[in-house]
1. Restrict the check to the stretch B:135-145 and report whether at least one residue is within 30 Å of residue B:107 (Cα to Cα) and either under 60 Å from the mean Cα position of the chain (by Cα) or modelled with pLDDT under 85 (or both).
2. Just give me the residues in the stretch B:278-298 being assigned to a loop (DSSP other than H, G, I, E, B) and within 11 Å of residue B:265 (Cα to Cα), in sequence order.
3. For the list (1) without any contact (Cβ under 8 Å) to a residue 40 or more places away in the chain; (2) farther than 22 Å from residue B:472 by Cβ; (3) assigned to a helix (DSSP H, G or I), I need the number of the one condition that residue B:432 fails.
4. Here's a check for you: in the stretch B:435-448, which residue that is within 13 Å of chain A (Cβ to nearest Cβ) and in contact (Cβ under 8 Å) with a residue 60 or more places away in the chain is farthest from residue B:489 (Cα to Cα)?
5. Just checking, does the stretch B:387-394 include any residue being surrounded by 12 or more Cβ atoms within 10 Å (Cβ to Cβ) and at pLDDT 90 or above?
6. One residue is enough: does the stretch B:334-351 have a residue meeting the conditions over 22 Å from residue B:291 (Cα atoms), away from chain A (no Cβ under 14 Å) and not in a helix (DSSP H, G or I)?
7. Do we find that residue A:92 is at pLDDT 85 or above and farther than 22 Å from residue A:25 by Cα in this structure?
């Protein structure tokens, strides 16, 4: 369990409506600091500037989808140890198993409840080594 | 040399065939019938014997009387007449008899007695009268005896022993009288008598054999004719049957051809080399070719060029295995170039030497069906993703507003956003349930069963349904079960539990208690969820696990739910080798239960 509480979360998501809901949920309900990225190709830069505690990735995104971005993160020393949570609307069990194997912290399926999301993230955070 | 050997060969074979014919005749002629034929011949000659005896006897009586032995001659005449009458009676009896064949031997015996009697009556005359007669009369009598003995040959020729008896009856007393007469000439004549007798018997013997072989031949010929007729009749019968069979085959052939011609599926008859020999109307319509354009050409005309190699492989396999193949999906170009996908069944026709003589190919156009399947898959995927994504935003936004973190809203606005959230959730549940049912029914649901402690499972289900309990003001009562484990798919079992717990919560009275209990049930573990609700209405019990069923439609509006929940539960539990059911509780309410295996079963 990490020593400090979960505070800084970066969310990569192309759907601006969901972005907004997640931001409000985490800020208002969870009292966290949130950065959202609409363009996954810009994600690396945001990670470097924002220095998040935890990253949330949408699965389905144009150009660069969540799993692909995740693999890129694993290749870079500065992002390889960032905990990653996937948000997905459609993922088969083998897909999820593969992500687990690659080192994803957890997956949260859409639709999620914005009321419970901060609590879910904190539970995941608490279970991290 | 060659010629002679050929001639010899021919003679040999002729001899062999003669012997064979004799054997054949013996086989085919029944001895009893041949005997009966001979007996009939003997009886046919009897009138001659009787007539000759009577006439000769009358002449003799006339010639010999007028002397001192007049009374004796008359007595003799009476004996002859009596014998003749007895013989006539025998003849009459024989002709009246219905049983001439089986008792032929008896008739022969009676005839032998009659013949002996006949001969002996002449012998009597010789023995008694001869000595006392004048020389002329003696000559007359000797002549008469010789004549009578000779007459016996044709009369009794069909049985030489009878002739021998008859002639012995005449000649033996005469021989004795001549021998003992005391006259050298008479002794010499007497010595000629046995010779004369022997010659006659030999002649009779030969004649008997001629008769016998004649009758045998006649019988064999009759039998042969009979056999021949029977054979002919059988052949004729078989010919009629064959003709009938041919007609039936023709009729069923016509019927089959009609079936193929009118069938809605494409039917092609192909030769073993892949040449099309016949096509039906449906095939013409389907591929847009006239029959004449396909017949005589290769079937590959109906296969895309890039698949020709695959076609050849399959074709060779078909010819090798000589077994029907079905479910072959082949891309068939139509005459206008548009591809169809057809599902083919190909059946090789094999002759009695196990050679393929033709292949019948039946094709069904499944293009539209495959397209429909693809669209259904696409639709399911769309439902899954494209509907859930916007719902995430809708429900999420409403949840945030309703949770109050965005600040206070007016009471009536709040009520409306709650209605919107609740119905958004219902829509989402419905979509999830439909997807689940679709997945289960198409057999695409993969289960990952494992051993799960019952206690942990129920605890987790209770946590997941806390919101329901709060909303309907219901308490879940679980006493714990540290021992039992069940073998099931964790996620899907939680789905079942959630369904049952939320149902129980929904239908419980305000402030009610939902009891959860576990128990052993044979090799299974039974989990039961009991409420104090209104119970299951009588008319609803039969279809409670059906699709889109709810006890009444107001419940749907008030309590939510898609009406698919229990149908999904039933299918999931059954997929996990268990069973599910419900009972009405004494004192009101209902218990829903399911049983699942304690451990992995094959």
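1. As a first pass, look at the stretch B:135-145 and keep what is within 30 Å of residue B:107 (Cα to Cα): B:144-145.
So of that shortlist, the ones also either under 60 Å from the mean Cα position of the chain (by Cα) or modelled with pLDDT under 85 (or both) come out as none.
No - not one qualifying residue is present in the stretch B:135-145.
2. Across the stretch B:278-298, the qualifying residue is only B:280.
3. Of (1) without any contact (Cβ under 8 Å) to a residue 40 or more places away in the chain; (2) farther than 22 Å from residue B:472 by Cβ; (3) assigned to a helix (DSSP H, G or I), only one is false for residue B:432: (2).
4. Per the criteria, the residue is B:445.
5. Yes: one or more hits.
6. yes
7. Values: at pLDDT 85 or above: no; farther than 22 Å from residue A:25 by Cα: yes.
It is false that residue A:92 is at pLDDT 85 or above and farther than 22 Å from residue A:25 by Cα.
Here is a yes/no grid of residues against (1) surrounded by fewer than 19 Cβ atoms within 10 Å (Cβ to Cβ); (2) within 14 Å of another protein chain (Cβ to nearest Cβ):
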position: A:70; (1), (2): no, no
position: A:73; (1), (2): no, no
position: A:96; (1), (2): yes, yes
position: A:110; (1), (2): no, yes
position: A:124; (1), (2): yes, no
position: A:129; (1), (2): yes, no
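The values are calculated or read from the model by the stated rules, or taken from the named source; none is laboratory data. A quick note: this is a predicted structure, and the numbers were derived from the prediction, not measured. Reconstructed Cβ throughout: ideal geometry from the backbone, glycine too, with neighbour counts over all protein chains shown.
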